[in-house]
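Encoded as structure tokens, the structure appears first; notes follow it.
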Amino acid sequence: MTQSKISLDQIFQSQIQTLALTLRPNTVYNYRSVTRCFLGYLHAAFPQVRRLSQLRRDPHLLGWLHWLCEHDPPLHNATRIRYLLCLRRLLDDLTANRHLIQPDLIRCEDFPPLPRYLPRPLNADDDQRLQQELRRTDDLLSNALLLTRLTGLRIGECIALPLDCLRHLAPDQWALHVPLGKMHTERLVPAEPEVRRLVARILELRARVSRARWAIAQGWLLPRRGRKYPLYRTLRVALADAATRANCSSHVTPHQLRHTYATEMLRMGVSLPALMQLLGHKDIRMTLRYVQVTQQDLQREFHLARQNPSLHRLPTLPIPAATLHSDLAAIHQAIAATRHVLEMYRRSFPDEKTRRQLQRLDCRLLAIANHLDHIVKAEK
């Protein structure tokens with residue numbers, strides 16, 4: 001069958017089936033829903049369009065974008081971005097498969113700005129009261145929620161924990177094994193005695209649960225029947241009820257427990273690279289979204305800096321004794337140390353002209369090192 005006789009629905013569905021070979025089921029479902037949305041609009045507004053080669057940015061794509069903006073109820077900007085990304089991926093793949101498609105149908109300016117919300121960790125009082133209430137309740141759900149608070153797990157990761165999630169790494173060193181999840185990675189989260197006690201308590205409560213309600217035979221730490229979404233919904237309701245009983249000042253969601261954990265780790269002195277590993281992020285920019293300083297932190301740091309107005313001196317980089325030897329390796333090491341100090345000194349200058357001059361000096365040092373290499377090669 002030639003491409004001209006295949007309908008647009010068949011072409012897109014065939015491409016999605018190809019993507020399904022490597023993508024997760026939820027991702028494939030997103031592609032199918034976006035395809036239904038786009039083709040549904042196209043069939044209703046432009047029924048004469050039956051081939052990919054007939055697609056034009058104006059009026060077809062721009063008309064669809066306008067239709068998304070007028071959606072009732074309004075679509076969140078993140079949802080519209082997801083729609084555009086999915087459709088652009090499908091069109092790019094179809095183009096790579098030699099379908100005739102006009103280029104540049106979706107442009108960068110078509111993507112709406114993604115709102116950047118400040119992290120919403122619980123304040124200290126709400127956090128303390130909520131933890132006390134979860135400990136007082138002491139059932140399967142409350143202990144699971146407390147486990148997410150003390151480890152920073154995503155709620156989906158907590159639901160997917162296996163029975164043997166605890167790992168004994170060394171004497172007095174335990175970790176919670178988090179299996180492959182949202183970021184397609186697994187990690188080990190340090191497990192304090194309180195975390196180990198919670199896991200033991202969940203296992204104890206798990207054994208008491210009626211088999212009529214839960215699938216005890218499954219290998220999950222938190223037993224469930226069927227898919228994980230009903231358990232996720234049950235945990236959200238249990239957290240909201242516990243927050244109400246604890247008289248928290250606002251509505252509490254499971255992800256706020258993760259924000260609270262990240263903020264707590266930062267204030268305890270955990271570095272950003274270590275925090276990125278604890279949270280299971282692939283990009284440091286994802287971690288930075290969790291640790292934006294609060295206004296109280298900003299005010300405290302500002303006033304501490306004002307109380308000590310003396311400027312910080314740049315750290316010195318002593319040249320090792322090994323560099324005093326008269327060989328090429330020692331000279332290279334001395335030049336590298338000098339370049340490092342020069343770069344630190346250059347960054348302290350606000351004047352751009354001076355910074356360019358210092359950068360030219362750095363280039364001369366690099367040229368000296370290269371000339372030394374040429375001299376040594378010529379002598380050989």
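The values are calculated or read from the model by the stated rules, or taken from the named source; none is laboratory data. Worth saying up front: this structure is predicted, and the values here are computed from it rather than measured. Cβ placement follows ideal geometry from the backbone for every residue including glycine, while neighbour counts extend to all protein chains displayed.
Side notes on the structure shown:
- Selection status of LEU372, among the aliphatic types (A, V, I, L, M), surrounded by 10 or more Cβ atoms within 10 Å (Cβ to Cβ) and at pLDDT 80 or above: yes
- Test: residue in region 119-134 that is under 30 Å from LEU62 (Cα atoms), at pLDDT below 90 and outside the structural domain of THR260 (by TED's automatic domain parsing): no
- Just one of the listed residues (THR79, THR22, THR27) is polar (S, T, N, Q), loosely packed, with under 15 Cβ neighbours inside 10 Å, under 26 Å from the mean Cα position of the chain (by Cα) and not in a helix (DSSP H, G or I), namely THR22.
- Residues being in contact with a helix residue (DSSP H, G or I) (Cβ under 6 Å, 6 or more places away or on another chain) and either in a loop (DSSP other than H, G, I, E, B) or of a type in the set (Lys, Arg) (or both) - total across region 119-156: 6
- Within region 259-305, considering residues that are among the polar types (S, T, N, Q) and either in a helix (DSSP H, G or I) or buried (at least 19 other Cβ atoms within 10 Å of the Cβ) (or both), the one modelled with the lowest pLDDT: GLN295
- Count of region 157-195 residues which are outside any loop (DSSP other than H, G, I, E, B) and surrounded by 14 or more Cβ atoms within 10 Å (Cβ to Cβ): 13
Residues are listed down the side, and each one gets a yes or a no for (1) in contact (Cβ under 8 Å) with a residue 24 or more places away in the chain; (2) in contact with a His (Cβ under 7 Å, 6 or more places away or on another chain); (3) surrounded by 15 or more Cβ atoms within 10 Å (Cβ to Cβ):
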residue	(1), (2), (3)
PHE38	yes, no, yes
TYR41	yes, no, yes
LEU61	yes, no, yes
HIS66	no, no, no
THR95	no, no, yes
ASP110	yes, no, yes
ASP126	yes, no, yes
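- Check on GLY152, surrounded by fewer than 17 Cβ atoms within 10 Å (Cβ to Cβ) and within 24 Å of the chain's Cα centre (by Cα): no
- Restricting the first member to region 3-28 and to residues that are of a type in the set (Ser, Thr, Tyr), and the second to residues that are at pLDDT below 95 and not in a helix (DSSP H, G or I), the beta-carbon pairs closer than 8 Å and six or more apart or on different chains are SER4/ARG51; SER7/ARG50.
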